[in-house]
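Since the structure comes first, as structure tokens, the remarks are kept for the end.
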Amino acid sequence: MNAPIPVFDGHNDTLLRLIADPKSDDNFFESPHGHIDMARARAGGLTGGFFAVYIPGDPTASVVTDRDSLPPALDQNYSLQMAMKMSAKLFEIERESRGDFRVARTVADIRAARAAGAMSGILHFEGAEAIDKNFEALEVFYQAGLRSLGPVWSRPTIFAEGVPFRHHASPDTGPGLTEAGVELIKACNQKKIMIDLSHMNEKGFWDVARVSSQPLVATHSNVWNLSQSTRNLTDKQLDAIKDSDGMVGLNFAVVFLRQDGKHDADTPLSTMVDHIDYLVKRIGIDRVGLGSDFDGATIPSAIGTVAGLPHLVEALRARGYGESELTKLCFENWMRVLTATWGA
């Protein structure tokens, strides 16, 4: 069998899995749990990706039971503590890997890791709950390696309002960036931290498009016309991403793939390829990649775990994508947009 095509992935929640429910046999290098470990990553061709710092809800806070409502905002001190813990886990993986895993701060780092047969990881914040309005935490995390940030997950921060999880609904669900949010975008532009739009509502999306000088990037989002989730992108948003020479990473979560919005793992690979086809047709082959949401969502059972990535590649090949196009979709398009954002 041929070696799998190398994949660089736009989103995973593996750090959350590793700290949320630690088990004696759960580690990053070889584990029976979750979607990603290094052994299965190598089998599936995963060479690296965005490792999300997602802050779980504060157990001392009130619980929102309405699934269509936004969860409550989080305390910044609690969020900072959790962000430190999750970031430290990423650096711990790097240290314990003995060179087989490297935290990437430049595209050259990613390419060097791949050339050496190592995996690379980008420190990414999925929501800016840990960032204070004076951006002192932003400076410290940037110096540590933070290179990608979403102003919100699907809950309010001092910077913006997230998008609630609804199906058969528009992403136009509420207000966009706050004044502090505008300053956050400018600060990230100055530091060349990539802005992730995947959990922004529509007004927030357009605010970022107005303020930011970077390519517009949604690391793990899909096509609203094919799955009418508030988390997906309308044609108008896709056109703006194209005009900025940005990027969309296909989210593997079945709820954002399916027309009916069901959490059903029996979702065929053809549905994923339909979204890829639509994106390629709308924004171009150079602006589409993968953003799996491994360890953070229900994904098609035909993929199962990261070891199943070659099944998606084969489905794309069967749909008519050639080797050079597959290399772009799986790896090179992320390198292109990161180079445009971070610099050479």
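Please treat every number below as a calculation from the coordinates, not as lab data. Keep in mind it's a predicted model, so treat the numbers as computed, not measured. Positions of Cβ are generated from backbone atoms using ideal geometry, with glycine treated the same way; all protein chains shown enter the neighbour counts.
The DSSP beta bridges internal to the chain are antiparallel in roughly 5% of cases.
Residues His124, His220 in ascending order of nearby Cβ atoms (within 10 Å, fewest first): His124, His220. Pull out a ≥ b ≥ c, the square roots of the eigenvalues of the alpha-carbon gyration tensor of the range 7-342, then state rounded if a/c is under 1.5, prolate if not and a/b is larger than b/c, and oblate in the remaining case. Rounded.
Rg/Rh for the range 231-344 stands at 0.95; both radii use Cα atoms, and Rh follows the Kirkwood definition. Dividing the summed -39500 (n - 2.57) terms of all DSSP H runs of n ≥ 4 by the residue count of the chain sets its mean residue ellipticity at 222 nm at -11000 deg cm²/dmol.
How much net charge surrounds Arg319 when only other residues with a Cβ under 14 Å from its Cβ are counted (Lys, Arg +1; Asp, Glu -1)?
On the way: positive: Lys281, Arg317; negative: Asp274, Asp277, Glu314, Glu323, Glu325.
Charge balance near Arg319 sits at -3.
Largest GNM mean-square fluctuation across Gly261, Gly162, Gly204, computed for the chain with C-alpha springs under 10 Å, falls on Gly261. Mind checking which of Ser148, Ser31, Ser229 has the largest fluctuation in a GNM of the chain, springs on alpha carbons under 10 Å? Greatest mean-square fluctuation among the candidates belongs to Ser31.
With the contact rule set at Cα under 8 Å and sequence spacing of 6 or more, what percent relative contact order holds for the range 7-342? Before the final figure, lay out each step's value.
Working: 733 pairs, mean separation 60.9, N = 336.
In percent, rounded to a whole number, it is 18.
Residues considered: Ala187, Ala43, Ala318. Largest GNM mean-square fluctuation over the chain, using C-alpha springs under 10 Å, is found at Ala318.
Taking the range 32-154 as the region of interest, what is the percent of Cα-Cα pairs per 10 angstrom bin, listed from the shortest bin to the one with the maximum distance? Pairs per bin, as whole percents: 12, 38, 31, 16, 3.
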